[in-house]
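**Student:** Pasting in a structure now, in structure tokens, and then I'll have a few things to ask.
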Amino acid sequence: MITLTNICHTFSIGKKGQERQVPVLKDVNLQVESGEIVAIIGKSGSGKSTLLNTIAGFLKPDEGKIVLNHKDTTHLSEAEHAKFRLKNVGFIFQNFQLMPGLTAFENIELPLKIQGMGKNTRFQTVRKIMERVGLNEVLDHYPNELSGGQQQRVCIARALVTNPSIILADEPTGSLDSETEKEILELIQSLNQSFDLTFVIITHDEEVANSAHKKYRMHDGQLQEAIYSAV
Amino acid sequence: MQFKDQLDFVRQHVKKNRMRIFTTILATTMGCAFLIVLASVAFGLQNSLKKEVLSDDTLTRIEVYNDGNKEIEPTEIKKMKNVNAVTMNTLIQTGNLEANIGEYKGSPEVILTDFKENEKANLKLSKGTYPEKADGVVVGYNVAQILLSKEDEKKLEKEKDASKINIGIQESMIGKKITLNWKNEETKKKVTRTFTIEGVGPKPKKEWEQDGTIRISKENEEALVQDLKTLYGKKLKAEEMIYRTTAVYATDLEAVTAINKALQDEGYATYTVSQQLEEMNLLFLALKAGLIFVGTIAILIASIGIFNTMTMAVTERTREIGVMKAIGASPKLIQRLFVMESAYIGVIGTVIAVIISYIVSFAANYAIPKILYMATNEKKFLTTEIQFSAIPWQLVVIAAAISIGVAILSGWRPARKATKIDVIQALRQD
């Protein structure tokens, strides 16, 4: 569950001493129930990525309150945020953000290594998740040996491997062709149903937004009324 | 993250930047090896000098002098704690002495001593045993060569170098009778004593030393001094005829300092080898510290390389660090991984440096005497055991601590920089 209350954030832009204050999030309120897929759609510069970064804890809001899974994360330190993310939040990136020197298996294994999980348990967990996202054939392939769709599946598997309840996706299909995009969206929906996962998807693609349960439009740092999808 | 996984992570990155890491390790190795080899010279020379000092005497020996303040009382000294034996040797330094074993004659020195105390002090003989009776003597190791027959003297006249010809008594001295004659040239009177040789003293530890003394039991002292006084005139005082040297032997090395202090407190003037060693050790400590300091500068220069390598690693891996942080790696973990990488460079560099240093040290000890011999044609360089370089484990520990410590410190700042990387900026990098 995600609750954002009156979130405001301002960027300082310009040379030192001549900075300009640009508000990017203006009094944003958002409620995402557990097991929901919520899409936030908007043009470039509308503030949707900033909102996602604020939920993730990469940015501290100037004002407001963030509650994730009933925990107030607004004022957590960097280390506390990292610990919280490791347990509760998974990330799907537009450009996959895979480690080039690691195989698909090792990339997915990485969060479990950070958690300090033992080798045998890690192996079984990763194999299970790879099977679930359809990556059985490519476990020892390096990212540059994988297609865009496969790389995004690896990224999704890495987000899911620690069994989080919240997945934050920043333009998850932004680098994919329409056919692969469809496959990935189907996978997200299927995972949402299987694991009761909460998804927040940032996109500028109407089709992606339409696949969500709820769709919010972001404009000039403000979140507009929710549109409920037929999905 | 488990320690093994952290090590794997570091190893993976080292593999990826093999060439860069190799050159950094090489610089660390050179710095550390320079430190060890440089300091090993001081350790080696100290060992050689120590050996020289120790070969001169035993460590448990404390010489006691009568500097006019206090008469030496062996019985009192013996009562002191941890005193094993007290030997008091009395050198007869007056008169014209001639010793002869059959046709062999010479002028050795005569020393009166307490054989039981010598035995207790564990002063070993090369042959025979310490005499039980007053007519038994122990002759010095070189007495057999000092006593010459007329034939020997003729041989010596022809060949000045005694080492090239066989002179003196060739067979065993044990059981032979030795006669000591003190003559007064003016009155032509004589004092004669005959003894049986029961023991031969130890071989002198230094090549140039010769032991030509005849040690007789101190039981003979009173009568002999009286006779010699009669022979040379009653006016001669006993103190002028004899010269006493007293040595106290401690039960073990640890007791030497305490006994020495107790003797000094009693008003005796003393000297121990350990005193000399202490002074020498202090001097070498300063030398070693100086050389280690110079060697540390080499390591500090190598640390600039580690700093550069680690700074480049952080810059190159900014995106990776961003991803790690995004998926839940704590800043502490990120810092630890980078510090471990610099420590890895330090450890590998140090291990190689230690191996190289031992090889260099061994080669120096083997080759330098030969080179010096070739340059000077002096055979002593080949025969004497001068150690030019020694690497004790303490030096390895000091060098490793400096080298690995400096490596960790060099990686500290880049590692701190890595923890401060902004996730959003990092994820935007290609």
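**Student:** With the structure loaded, tell me whether A:Ala159 is small (Gly, Ala, Ser), within 19 Å of the chain's Cα centre (by Cα) and not in a helix (DSSP H, G or I) or whether it fails that test.
**Tutor:** no
**Student:** Counting only residues that are among the aliphatic types (A, V, I, L, M), give me the helices (runs of 4 or more DSSP H) lying completely in segment B:370-430 with at least 2 of them.
**Tutor:** Ranges flagged: B:393-419, B:423-428.
**Student:** Looking at B:Ala302, B:Ala247, B:Ala258, which is the one that is under 30 Å from B:Ile92 (Cα atoms) and in contact (Cβ under 8 Å) with a residue 12 or more places away in the chain?
**Tutor:** Every option except B:Ala247 fails the conditions.
**Student:** State whether the residues of segment B:155-165 include one that is touching a strand residue (DSSP E or B) at 6+ places or on another chain (Cβ under 6 Å), surrounded by 14 or more Cβ atoms within 10 Å (Cβ to Cβ), under 26 Å from B:Ser126 (Cα atoms) and not β-branched (Val, Ile, Thr).
**Tutor:** no
**Student:** Can I ask one more? Which ones in segment B:398-430 are of a type in the set (Lys, Arg) and within 14 Å of chain A (Cβ to nearest Cβ)?
**Tutor:** Those that are of a type in the set (Lys, Arg) and within 14 Å of chain A (Cβ to nearest Cβ): B:Arg416, B:Lys420, B:Arg428.
**Student:** Another one. Looking at B:Gly328 and the list (1) in contact with a Pro (Cβ under 9 Å, 6 or more places away or on another chain); (2) within 30 Å of A:Phe91 (Cβ to Cβ); (3) in a helix (DSSP H, G or I), which single condition is not satisfied?
**Tutor:** Among (1) in contact with a Pro (Cβ under 9 Å, 6 or more places away or on another chain); (2) within 30 Å of A:Phe91 (Cβ to Cβ); (3) in a helix (DSSP H, G or I), B:Gly328 violates only (3).
**Student:** Are there helices (runs of 4 or more DSSP H) fully within segment A:74-132 with at least 2 residues that are within 25 Å of A:Leu146 (Cα to Cα) and more than 9 Å from chain B (Cβ to nearest Cβ)? List them.
**Tutor:** Filter on segment A:74-132 gives A:104-115, A:119-132.
**Student:** Just give me the residues in segment A:31-62 being in a helix (DSSP H, G or I), without any contact (Cβ under 8 Å) to a residue 60 or more places away in the chain and either touching a helix residue (DSSP H, G or I) at 6+ places or on another chain (Cβ under 8 Å) or not polar (S, T, N, Q) (or both), in sequence order.
**Tutor:** Across segment A:31-62, the qualifying residue is only A:Asn53.
**Student:** Right, another one. Could we say that B:Val360 is crowded, with 20+ Cβ neighbours inside 10 Å, farther than 30 Å from A:Asn107 by Cα, touching a residue at least 40 places away in the same chain (Cβ under 8 Å) and away from chain A (no Cβ under 14 Å) here?
**Tutor:** So B:Val360 does not fit the description; no.
**Student:** Filter segment A:162-175 for residues that are in a loop (DSSP other than H, G, I, E, B) and either at pLDDT 90 or above or within 13 Å of chain B (Cβ to nearest Cβ) (or both); which is surrounded by the fewest Cβ atoms within 10 Å (Cβ to Cβ)?
**Tutor:** A:Asn163
**Student:** Which residue, of B:Ala353, B:Ala343, is away from every other protein chain (no Cβ under 14 Å), within 30 Å of the chain's Cα centre (by Cα), part of a helix (DSSP H, G or I) and at pLDDT 85 or above?
**Tutor:** Unique residue meeting the criteria: B:Ala353.
**Student:** Which strands (runs of 3 or more DSSP E) does segment A:176-231 wholly contain that include 1 or more residues that are modelled with pLDDT under 80?
**Tutor:** A:222-228
**Student:** Just to verify a result, which residue in segment B:320-335, among those that are over 20 Å from B:Arg20 (Cα atoms) and of a type outside the set (A, V, I, L, M, F, W, C), is farthest from the other protein chains (Cβ to nearest Cβ)?
**Tutor:** B:Gln335
**Student:** Identify the residue in segment B:356-392 that is farther than 28 Å from B:Ile25 by Cα and among the hydroxyl-bearing types (Ser, Thr, Tyr) and, among all such residues, is modelled with the lowest pLDDT.
**Tutor:** B:Thr384
**Student:** Specify the residue that is farthest from B:Gly106 (Cα to Cα); the eligible residues are those in segment B:179-213 that are among the aliphatic types (A, V, I, L, M) and at pLDDT below 90.
**Tutor:** The selected residue is B:Val191.
**Student:** Now a separate question. Counting just the residues of segment B:12-25 that are more than 9 Å from every other protein chain (Cβ to nearest Cβ) and in contact (Cβ under 8 Å) with a residue 60 or more places away in the chain, which one comes out nearest to the chain's Cα centre (by Cα)?
**Tutor:** B:Ile25
**Student:** When you check A:Leu68 against the structure, is it under 18 Å from B:Ile424 (Cβ atoms), in contact with a strand residue (DSSP E or B) (Cβ under 9 Å, 6 or more places away or on another chain) and within 14 Å of another protein chain (Cβ to nearest Cβ), yes or no?
**Tutor:** So A:Leu68 fails the test.
**Student:** Do you know which residues across segment B:170-184 are surrounded by fewer than 16 Cβ atoms within 10 Å (Cβ to Cβ) and within 39 Å of the chain's Cα centre (by Cα)?
**Tutor:** B:Gln170, B:Glu171, B:Ser172, B:Ile174, B:Gly175
**Student:** Another question about this same structure. For segment B:376-393, give me each residue that is within 26 Å of B:Ala33 (Cβ to Cβ) and either loosely packed, with under 11 Cβ neighbours inside 10 Å or out of contact with any Phe, Trp or Tyr (no Cβ under 9 Å at 6 or more places or on another chain) (or both).
**Tutor:** Within segment B:376-393, B:Glu385, B:Ile386, B:Phe388, B:Trp393 qualify.
**Student:** Residue by residue through segment A:92-136, note down the ones that are crowded, with 21+ Cβ neighbours inside 10 Å and of a type in the set (Asp, Glu).
**Tutor:** A:Glu109 - this is the single residue of segment A:92-136 that is crowded, with 21+ Cβ neighbours inside 10 Å and of a type in the set (Asp, Glu).
The values are calculated or read from the model by the stated rules, or taken from the named source; none is laboratory data. Computed from a predicted structure; not experimentally measured. Backbone-built Cβ (ideal geometry, glycine too); neighbour counts: all protein chains shown.
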